Amino acid sequence: MLLFGGDYNPEQWPEEVWTEDVALMRQAGVNIATVGVFAWSDLEPEPGRYEFDWLDRVLDLLHEGGIKVALATPTASPPPWFTLAHPEALPVTADGIRLSHGSRDTYCVSSPAYRAAARAVAGRLAERYAHHPALAMWHVHNEYGTDCRCDVTAAAFRLWLQKRHGDLGTLNEAWTTSFWSQRYSDWAQIAPPRATQYMPNPAHVLDFRRFLSDELLDGFIEQRDLLRAANPAVPVTTNFVQGGWVSVDHARWAEEVDVVAVDHYPDDAGPGAEEQTAFAADLARGWGGGSWLLMETGPNLIYTRGRMHAKEPGRLTRHSLGYVARGSSGAMYFQWRQPRGGAELFHSALVPHAGPDTPVFREAVALGRTLRTLSPKAADAPPPAASVAVTWDAPSWWALQGPGLPAADIDYLAAVRQAHRALYRAKLQADFVFPGVSTALGDYRMIVVPQLYLVSDEAAAAFRDYVAAGGTLVVTYLSGIAEPDTRIRLGGYPGAFREILGVRVVEWHPQAPGTVITLEDGLAGATASAGLAASSGSVAFSGSVASAGLTAERWIERVETAGAATISRYADGPMAGAPAITRNRYGAGSAWYVSAGLTDDSLQALLRQVAAEAGAEPVLPGLPSEVEAVRRGDLLFLFNHGDQPATVDRVTLPPGGVRIRSADGVEGPPVGRG
Ligand code: GLA
């Protein structure tokens, strides 16, 4: 059964509204509600005094309505009494400011008092509800990620560092502490990175982020274990955040949850939202090893550039089915009913302030029907199979957010999204691989490696084996630069990939925003019609890239080839005439190096061509540009994201429409606009 539902906060409403809620949920075909995420102060109004009666009634009501429950532990938002009694458990910022109560997430995960209170409330919930017939899963906490730099955190950080580095000598070496006289002679001298005079040490900053991710994970595991012990049959999860806030290393966390559950809010009001949806879903599927669940997304409004944007009719459906097509076991939202007050009082909901007689609720009802029809085929269908993959690595992102970098506008997330977007526009189904967590790189035809800044020796070896065995690797600038502790790999960039790529980069030339650099093909001008490059040291490179030329922004480099063939040279700018894009034959495979910050169109043209050479096939040949096609098992999902009707295989998709086909015909009602 595909799950359909979302966050439900009955504690914000009088009981008569609960009855209406359940009736409306039934009308919409909602089959799961996430309950209790922020209900700590209602569940435990005073220390040790629990009030479960209201929750009993909610769960029973939902159960009678045939609606399952993802029951949350409320530990993301400690009640006022807790923070008053334990001011030491309030988080401290890098500036040394102890935050006050008044929002949510006011806790320090290293605080023993907080951990004990969290275990206590989670334990009581487990005791009472672990065998409730409505319980489908546990939803621990909410979007783990609170940062704290207090002294208790400092002590925990030191213990973590002792485990990671063993002795101080090793830490001093890994952190290069002889730079600026930072050599530590006692563990007690080490604190979390705090406001300091000038730039902090990047290795210190990065280790703290790793520590925080692990420390938060310990907090999760503690709750998970006691919930599991109460009833091992009930899966335990927590909602991972997708987007610009990378609080934890999800690829590592994924190993500890029973279901990878993800919150995703596209932040582009235009077609970028569809591309972000595909990106988020493909990444989540990677974390989940194939299976995952969309736990929260906005039913209606998209936050974008300081403004809320109402989704056009049909877009809720397209996005929701987009996640399902890409492997989600359902579509869940934040939230069921729009609140009357509180900080998120205008956040969208399936039942908005205006009530159920609204476009969003009507669309939800229709979507519920579609999901029900789809359930028998989609719920257990295998996830989309991809022939290409993109690398993802949270520590590389953290390192590229660190101090001392060669350009202030380096943006790891943007680079990975750009690579994925290029594949998406080329209609290639992509997976993600996580070389920082697992050296298993699969048997993809092509792997794109955008800005994989930190690479271990083991990961470097895995990439070598992958290419040697016949794989095609496309590595972009800022990859392979440092070891996992941020120590630079010497001898020329991109250190970890130099041998496979057959190049040596000796200088970086970051460019001011707005500067556009042109790249020539291998034989500028002369080969556009023949599609062949013939100058010495260059190789044939046919098709659109050669004839259209390429452009780059923000980043160029001085590249020397050391075995690689030059595919494209810089045509202007400080590197004019020097290699820009190269290809190296390595074993049975090829390794491409992209030294420039290619624009979207250029990267797309390049990856399209490399993928074709590597034998990676689009999901369907000849798709119109506005149409997205995804195969999940036997089902083919076709999405028309454009404003005009589009025809695919004699099926006409209305503007904004979705068609789902299986071997034995069209599944479910056609979904169109309005
Ligand atoms: C996430 C959180 C919710 C809410 C929404 C707002 O999904 O889990 O509590 O804050 O974001 O977009």
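Restricting Leu478, Leu473 to residues that are aliphatic (A, V, I, L, M), at pLDDT 95 or above, closer than 14 Å to Asn584 by Cα and buried (at least 24 other Cβ atoms within 10 Å of the Cβ) narrows the list to Leu473. All conditions in (1) more than 13 Å from the ligand (Cβ to nearest atom); (2) part of a helix (DSSP H, G or I) hold for Ala280, with the sole exception of (1).
Does Ser320 count as more than 16 Å from the ligand (Cβ to nearest atom), out of contact with any Pro (no Cβ under 8 Å at 6 or more places or on another chain), within 26 Å of Val22 (Cβ to Cβ) and modelled with pLDDT of 95 or more? Against the criterion (more than 16 Å from the ligand (Cβ to nearest atom), out of contact with any Pro (no Cβ under 8 Å at 6 or more places or on another chain), within 26 Å of Val22 (Cβ to Cβ) and modelled with pLDDT of 95 or more), Ser320 does not qualify.
Residues checked against (1) in contact with a helix residue (DSSP H, G or I) (Cβ under 7 Å, 6 or more places away or on another chain); (2) in contact (Cβ under 8 Å) with a residue 40 or more places away in the chain:
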{"position": "Leu371", "(1), (2)": "no, yes"}
{"position": "Ala379", "(1), (2)": "no, yes"}
{"position": "Ala408", "(1), (2)": "no, no"}
{"position": "Lys427", "(1), (2)": "no, yes"}
{"position": "Ala430", "(1), (2)": "yes, yes"}
{"position": "Ala440", "(1), (2)": "no, no"}
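Before we move on, is Val109 within 27 Å of His204 (Cβ to Cβ), buried (at least 22 other Cβ atoms within 10 Å of the Cβ), in contact (Cβ under 8 Å) with a residue 60 or more places away in the chain and under 25 Å from the mean Cα position of the chain (by Cα)? For Val109, the condition - within 27 Å of His204 (Cβ to Cβ), buried (at least 22 other Cβ atoms within 10 Å of the Cβ), in contact (Cβ under 8 Å) with a residue 60 or more places away in the chain and under 25 Å from the mean Cα position of the chain (by Cα) - is met. Reported count of residues in region 9-33, each being within 16 Å of the ligand (Cβ to nearest atom) and either touching a Leu at 6+ places or on another chain (Cβ under 8 Å) or in a helix (DSSP H, G or I) (or both), is 5. Over 28 Å from His141 (Cβ atoms), within 16 Å of the ligand (Cβ to nearest atom) and without any contact (Cβ under 8 Å) to a residue 60 or more places away in the chain: which single residue out of Gly298, Gly306, Gly270 fits that description? None of the others qualify; the one that does is Gly306. For region 283-295, filtered to residues that are away from the ligand (no atom under 15 Å from the Cβ) and not hydroxyl-bearing (Ser, Thr, Tyr), the residue that is nearest to the chain's Cα centre (by Cα) is Leu283. The conditions of being within 16 Å of the ligand (Cβ to nearest atom) and among the hydrophobic types (A, V, I, L, M, F, W, C) are not met by Val205.
Please work out if Val627 is modelled with pLDDT of 95 or more, farther than 30 Å from Ala460 by Cβ and of a type in the set (Val, Ile, Thr). Judged against the criteria, Val627 is a match. The residues of region 334-345 that are touching a helix residue (DSSP H, G or I) at 6+ places or on another chain (Cβ under 8 Å), within 12 Å of the ligand (Cβ to nearest atom) and more than 18 Å from Ala33 (Cα to Cα) amount to a single one, Gly342.
Applying the criterion of being surrounded by 15 or more Cβ atoms within 10 Å (Cβ to Cβ) and part of a loop (DSSP other than H, G, I, E, B) to the residues of region 346-378, the residue that is farthest from the ligand (Cβ to nearest atom) is Pro356.
Residues of region 56-80 that are crowded, with 17+ Cβ neighbours inside 10 Å, away from the ligand (no atom under 16 Å from the Cβ) and in contact (Cβ under 8 Å) with a residue 40 or more places away in the chain: Val58, Leu59, Leu61, Leu62, Gly65, Ile67, Lys68, Val69. Just for region 34-55: of the residues that are assigned to a strand (DSSP E or B) and in contact (Cβ under 8 Å) with a residue 24 or more places away in the chain, which one is farthest from the ligand (Cβ to nearest atom)? If we take residues in region 34-55 being assigned to a strand (DSSP E or B) and in contact (Cβ under 8 Å) with a residue 24 or more places away in the chain, then Glu46 is farthest from the ligand (Cβ to nearest atom). Considering each residue of region 385-392 in turn, at least one proves to be over 18 Å from the mean Cα position of the chain (by Cα), of a type outside the set (A, V, I, L, M, F, W, C) and farther than 20 Å from Thr297 by Cα. Looking at region 201-222 only, could you name the residues that are of a type in the set (D, E, K, R) and outside any helix (DSSP H, G or I)? Passing the criteria: none in range.
Per the listing Tyr144, Tyr114, the residue uniquely modelled with pLDDT of 95 or more and more than 16 Å from the ligand (Cβ to nearest atom) is Tyr114.
Would you confirm whether any residue within region 1-8 is crowded, with 23+ Cβ neighbours inside 10 Å, out of contact with any strand residue (DSSP E or B) (no Cβ under 7 Å at 6 or more places or on another chain) and outside any helix (DSSP H, G or I)? No, the conditions are met nowhere in region 1-8. Leu161 satisfies every condition listed in (1) touching an Asp or Glu at 6+ places or on another chain (Cβ under 7 Å); (2) within 30 Å of Ala85 (Cα to Cα); (3) more than 16 Å from the ligand (Cβ to nearest atom) except (2).
Quick check: is even one residue across region 54-67 in contact with a strand residue (DSSP E or B) (Cβ under 7 Å, 6 or more places away or on another chain), acidic (Asp, Glu) and more than 22 Å from Arg104 (Cβ to Cβ)? Checked against the condition, which is being in contact with a strand residue (DSSP E or B) (Cβ under 7 Å, 6 or more places away or on another chain), acidic (Asp, Glu) and more than 22 Å from Arg104 (Cβ to Cβ), region 54-67 yields no hits at all. Contact map, region 161-173: residues that are under 15 Å from Leu206 (Cβ atoms) and modelled with pLDDT of 95 or more paired with residues that are among the hydroxyl-bearing types (Ser, Thr, Tyr) and surrounded by 15 or more Cβ atoms within 10 Å (Cβ to Cβ), Cβ distance under 9 Å, separation 6+ or inter-chain. Pairs shown: Leu171/Thr177; Leu171/Tyr184. So which residues in region 11-55 are surrounded by fewer than 16 Cβ atoms within 10 Å (Cβ to Cβ) and among the acidic types (Asp, Glu), if there are any at all? Listed by number, the residues that qualify are Glu15, Glu16, Glu20, Glu46, Glu51, Asp53. For region 186-225, the tally of residues that are over 22 Å from Ala89 (Cα atoms) and either of a type in the set (Ser, Thr, Tyr) or over 25 Å from the mean Cα position of the chain (by Cα) (or both) stands at 10.
Whether a residue is in contact with a helix residue (DSSP H, G or I) (Cβ under 6 Å, 6 or more places away or on another chain) and either more than 17 Å from Gly123 (Cβ to Cβ) or small (Gly, Ala, Ser) (or both) was assessed, and Val30 does not pass this test. Of the residues examined, Gly442 is not one that is surrounded by fewer than 24 Cβ atoms within 10 Å (Cβ to Cβ) and either in a strand (DSSP E or B) or at pLDDT 95 or above (or both). State all residues of region 236-263 that are in a loop (DSSP other than H, G, I, E, B), within 13 Å of the ligand (Cβ to nearest atom) and at pLDDT 95 or above; if no residue qualifies, say none. If the condition is that a residue be in a loop (DSSP other than H, G, I, E, B), within 13 Å of the ligand (Cβ to nearest atom) and at pLDDT 95 or above, then Thr238 is the only one that fits.
The values are calculated or read from the model by the stated rules, or taken from the named source; none is laboratory data. Here the structure is a predicted model, which means the values were calculated and not measured. Here the Cβ is made from the backbone with ideal geometry for all residues, glycine too, and neighbour counts use every protein chain on show.
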